[in-house]
Amino acid sequence: MKKLICIQTMCMTAFAVIFFHSLCFGQANDLRESLLKLQTVSDNSNRYNPAEKLYLQFDKPYYVIGDTIWFKAYLFNAPTLAFSAQSGIMYVDIANDSNTFIKQYRLPIKDGITWGDISLSDFPSGNYALRAYTNWMRNFGTDGFFYKRFMIADTSEQTWLANSNTTSSIVDGHLLANVRLHLSDMNKAAIADNPMLLEVMAGNHHLYKQEAQTDHDGLLDVNFKVPEKAKALALVAHDEQSENKITIPINLNRAEHADVQFLPEGGNMVAGLPSHIGFKAIGEGGRGITISGIIIDRNQKQVAVLQSVHNGMGSFDLAVQPNEKYLAKVTLPGGIVKEYALPEIKNSGTVLTVKNPFGTDSLMVTLSATSALVQSGESFFLVGKSRGIICYAAVLNFREGAVCRNISKKLFPSGITHFILTNTKGQPLNERVVFIDHGSGLHIELSNDKPTYEPHDSIALHITVTDSIGKPITGNFSMAVTDDAQVKQDTLNNENILTRLLLTGDIKGYVEEPGYYLQTKNVQSWQALDNLLLTQGWVNYDWQVDKQHPAFAAENEFEVKGQVRNVFGGSVKTTHVTLLSKSPLFIRDTLTNKEGYFTFRNFPVIDTPAFIIKAVNKREKSFNVGIVVDDIKPPAFNMPSGPTAKPWYLSSDTALLNASKNNRTRIEQKYADTNAHMLRQVDITAKKNSERVTKP
């Protein structure tokens, strides 16, 4: 049983404060005008061409063959987080794990809300990616699209389960892989003393083949040499007697292939100025790894210590010296030590540092400059933006040395705040993002009317929603009811509406365990959140195109439009075009304009519509004309980087296994009522033999 309940988010209005450093009157007045103009242009752009943010709430994190995805979508105005009235159509695209486009769905949006369902009856088991967006959102790039990975499991095509552990080593200059494999059936009973044929694959290429046998616990070890540049490694285990087969992707996760990046706060390390440096270590499998190490100068002297705090991220302070080069000696998992050069040092420039202590009501912003800039008396702009709106702005210079400012957090709404130091022409010099948390989230309490229920009983739920001070809230909510034995929720890894709107929707790249940063509120998680923002770029929602002629128009309603052409490709004007829907039954008729174009609008609410369009030219035979329907070509499907998802049969999640087995039983019972049974999927790989037929 699933129920959708509707939530209206409260609009928070951002406002701007202008602060001016002490300058001579004439100069200050000119700079004041320039800064006000910069603010006006930025705010008008967001007021008249606001970006949109989208969040989809799903009923569960994974699915089984023949299942249905139930979801509810919320479309927001990015600057205010009020429901957006800009778009009336939402696109939902689905691709497989190779980023191959499979299907597209279009849903109408009313007052920022829509909901729907996607049947998975035509989808084979595997890993998939879903993205959702509006046509208007394409003006701001694909970084702001909503993305979600999901899995479809099926016990009929795979009767074995597997757990594997892969290690690697270098022997005589060659990379050797060891895969320790445990096989069991769907009831988790070991596949004991079973002869196997093992194959090692690199994509579609066969590398090795050998025979082996599991022991009495269902275990076996496989060792093989890994060729250079081999990609997409997999181990395939066959049981030739029962025809069972299982494919295990091999992730070597070699520590020496870890990606360790060092990112100075504000953008650069500058000679003679203190620097706060963030770092991020990602393993070969795409997840953060624990590292430690030291920073040494050109004389091998230790000048700093580094230690990752959460998911491979951390930070350290460094007093950057002129004419120096720094090296990080990093200890990776397994005790391997590898050296990484820190970024090049600039001889002249500025440094922007923001201290954002946990539980305080203000930020400490410090700006430093090299001596040449101090002596020049040059002025700069410091701008603080949140949700694209300028909330703080100041004119400053370095005549008296470093500039320090205590800035109240009350000037900014909850979420990502972006500080930018620019020259007086508005060109960015340093940038830094921080997180503001006013603790203004909603409190939701659910209670039921009795402790136990009988089968097919009805459940009365009492839902109470209050704000941070206990005041009742009227809103629009969504809720899914699932079976704990079949659905396991991971509150840290699964994104929710808060993490999406306030955090992950404003920074680039994959965020591992997004729920950790906002649900766990303590000094450690706050420091981990700051390290995340030090090391991952921000999503720019500023208007990037011609304000009068956007590349992608906002769609307010569903339309069917196109052009009628003759056999020579020319347009056919004043031609009757008929549109027919069989379910529900209705007919529409219109005429093409002088360029041969037609448009149908004002459709009734239709679930999964299918239309037939026909054009009839009274002056010519109907078969002498054709119809070209205008359809928006979807952008290339590029799922943001992240760890590769495991096949469902490699998961130890008992809930997922129960869901798949119960679903298979349900499908078989359905076919049993018709004296039929469900067959396994058969993949046909032979090529079609086609012949040209010529009519006499």
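The values are calculated or read from the model by the stated rules, or taken from the named source; none is laboratory data. What you are looking at is a predicted structure, and each value in this text was computed from that prediction instead of being measured. Neighbour counts run over all protein chains shown; Cβ positions are idealised from the backbone, glycine included. Note: accessible area is taken over every heavy atom of the protein model, side chains too, but ligands, DNA and RNA are not part of it. Shrake-Rupley method; radii C 1.70, N 1.55, O 1.52, S 1.80 Å.
Anything in the stretch 169-184 that is of a type outside the set (Ser, Thr, Tyr), open to solvent by 50 Å² or more (accessible area, probe 1.4 Å) and part of a strand (DSSP E or B)? List them, or say none. Quick ask: steps written out before the conclusion?
Of the residues in the stretch 169-184, the ones of a type outside the set (Ser, Thr, Tyr) are 170-183.
Checking the rest, the ones that are also open to solvent by 50 Å² or more (accessible area, probe 1.4 Å) come to 170-174, 176, 180, 182.
Matches in the stretch 169-184: 170, 171, 174, 176, 180, 182.
Considering (1) at pLDDT 90 or above; (2) surrounded by 14 or more Cβ atoms within 10 Å (Cβ to Cβ), say which one residue 23 fails and leave the rest.
Unmet condition: (1).
Looking for whichever is among the aliphatic types (A, V, I, L, M) and over 30 Å from residue 421 (Cα atoms) here; the options are 237, 281, 271. Which one fits?
Going through 237, 281, 271 in turn, the sole match is 237.
From 554, 528, which residue is part of a helix (DSSP H, G or I), surrounded by 14 or more Cβ atoms within 10 Å (Cβ to Cβ), of a type in the set (A, V, I, L, M) and within 23 Å of the chain's Cα centre (by Cα)?
On the way: 554 fails: part of a helix (DSSP H, G or I).
The match here is 528.
Under the condition of being open to solvent by 10 Å² or more (accessible area, probe 1.4 Å) and in contact with a helix residue (DSSP H, G or I) (Cβ under 7 Å, 6 or more places away or on another chain), which residue from the stretch 126-155 is farthest from residue 77 (Cα to Cα)?
This residue is 155.
Just need a number here: residues in the stretch 185-217 that are in contact with an Asp or Glu (Cβ under 9 Å, 6 or more places away or on another chain) and part of a loop (DSSP other than H, G, I, E, B).
The total comes to 7.
Return the residues of the stretch 226-250 that are modelled with pLDDT under 85, within 28 Å of the chain's Cα centre (by Cα) and open to solvent by less than 80 Å² (accessible area, probe 1.4 Å); say none if nothing qualifies.
Matches in the stretch 226-250: 232 only.
Quick one: which residue in 303, 260 is among the β-branched types (Val, Ile, Thr), open to solvent by 30 Å² or more (accessible area, probe 1.4 Å) and modelled with pLDDT of 95 or more?
Answer to the check: 303.
So is residue 254 within 30 Å of residue 179 (Cβ to Cβ), open to solvent by 60 Å² or more (accessible area, probe 1.4 Å) and either under 22 Å from the mean Cα position of the chain (by Cα) or not hydrophobic (A, V, I, L, M, F, W, C) (or both) or not?
On the way: within 30 Å of residue 179 (Cβ to Cβ): yes; open to solvent by 60 Å² or more (accessible area, probe 1.4 Å): no; either under 22 Å from the mean Cα position of the chain (by Cα) or not hydrophobic (A, V, I, L, M, F, W, C) (or both): yes.
Against the criterion (within 30 Å of residue 179 (Cβ to Cβ), open to solvent by 60 Å² or more (accessible area, probe 1.4 Å) and either under 22 Å from the mean Cα position of the chain (by Cα) or not hydrophobic (A, V, I, L, M, F, W, C) (or both)), residue 254 does not qualify.
Scan the stretch 477-504 for residues that are touching a Lys or Arg at 6+ places or on another chain (Cβ under 8 Å), of a type in the set (A, V, I, L, M) and in a loop (DSSP other than H, G, I, E, B) and jot them down.
480, 481, 487
Could you please give the count of residues in the stretch 287-296 that are open to solvent by less than 20 Å² (accessible area, probe 1.4 Å) and in a loop (DSSP other than H, G, I, E, B)?
Total satisfying the criteria: 1.
Among the candidates 562, 509, single out the residue that is surrounded by 15 or more Cβ atoms within 10 Å (Cβ to Cβ), assigned to a loop (DSSP other than H, G, I, E, B), of a type outside the set (Lys, Arg) and at pLDDT 85 or above. Please lay out each step first, then the result.
Working: 562 fails: assigned to a loop (DSSP other than H, G, I, E, B).
On inspection, the qualifying residue turns out to be 509.
I need the strands (runs of 3 or more DSSP E) fully contained in the stretch 337-431, keeping only those with at least 3 residues that are in contact (Cβ under 8 Å) with a residue 12 or more places away in the chain, open to solvent by less than 30 Å² (accessible area, probe 1.4 Å) and closer than 19 Å to residue 318 by Cβ.
Correct list: 350-355, 362-369.
Taking the stretch 202-216, which residues are open to solvent by 50 Å² or more (accessible area, probe 1.4 Å) and under 26 Å from residue 661 (Cβ atoms)?
Selection gives 216 alone.
For the stretch 565-577, what are the residues that are open to solvent by 50 Å² or more (accessible area, probe 1.4 Å) and either of a type in the set (Val, Ile, Thr) or in contact with a helix residue (DSSP H, G or I) (Cβ under 6 Å, 6 or more places away or on another chain) (or both)?
Listed by number, the residues that qualify are 567, 574.
Kindly check whether there is at least one residue in the stretch 88-100 that is open to solvent by 20 Å² or more (accessible area, probe 1.4 Å) and in contact with an Asp or Glu (Cβ under 7 Å, 6 or more places away or on another chain).
No, the stretch 88-100 contains no residue that is open to solvent by 20 Å² or more (accessible area, probe 1.4 Å) and in contact with an Asp or Glu (Cβ under 7 Å, 6 or more places away or on another chain).
Which count do you get for residues in the stretch 185-201 that are modelled with pLDDT of 90 or more and open to solvent by less than 40 Å² (accessible area, probe 1.4 Å)?
Of the residues in that region, 8 qualify.
How do the pairs read when you match residues in the stretch 105-132 that are within 23 Å of residue 475 (Cβ to Cβ) and in contact (Cβ under 8 Å) with a residue 60 or more places away in the chain with residues anywhere that are among the hydroxyl-bearing types (Ser, Thr, Tyr) and open to solvent by 30 Å² or more (accessible area, probe 1.4 Å), using Cβ under 8 Å and keeping only pairs 6 or more apart or on different chains?
115/478
Are there any pairs, at least 6 apart or on different chains, whose C-beta atoms fall under 6 Å, with the first in the stretch 621-642 and modelled with pLDDT under 80 and the second open to solvent by 70 Å² or more (accessible area, probe 1.4 Å) and β-branched (Val, Ile, Thr), and if so, which?
624/567
Just the residues that are aliphatic (A, V, I, L, M) and touching a strand residue (DSSP E or B) at 6+ places or on another chain (Cβ under 6 Å), please, taken from the stretch 49-64.
Hits for the stretch 49-64 are 54, 56, 64.
Just wondering, is there one or more residues in the stretch 218-225 that are open to solvent by 30 Å² or more (accessible area, probe 1.4 Å), in a strand (DSSP E or B) and in contact (Cβ under 8 Å) with a residue 60 or more places away in the chain?
Within the stretch 218-225 (the criterion being open to solvent by 30 Å² or more (accessible area, probe 1.4 Å), in a strand (DSSP E or B) and in contact (Cβ under 8 Å) with a residue 60 or more places away in the chain), the answer is no, since none of the residues qualifies.
Of 190, 237, which residue is in contact (Cβ under 8 Å) with a residue 40 or more places away in the chain and not basic (Lys, Arg)?
Result: 237 is the single residue among 190, 237 that is in contact (Cβ under 8 Å) with a residue 40 or more places away in the chain and not basic (Lys, Arg).
Can you find a residue that is among the aromatic types (Phe, Trp, Tyr), over 22 Å from residue 504 (Cβ atoms) and surrounded by fewer than 20 Cβ atoms within 10 Å (Cβ to Cβ) anywhere in the stretch 63-72?
So the first thing to find is which residues in the stretch 63-72 are among the aromatic types (Phe, Trp, Tyr), and the list is 63, 70-71.
Filter once more, keeping what is over 22 Å from residue 504 (Cβ atoms): 63, 70.
Cutting the leftovers down to surrounded by fewer than 20 Cβ atoms within 10 Å (Cβ to Cβ) gives us 70.
Yes: the stretch 63-72 contains one or more residues that are among the aromatic types (Phe, Trp, Tyr), over 22 Å from residue 504 (Cβ atoms) and surrounded by fewer than 20 Cβ atoms within 10 Å (Cβ to Cβ).
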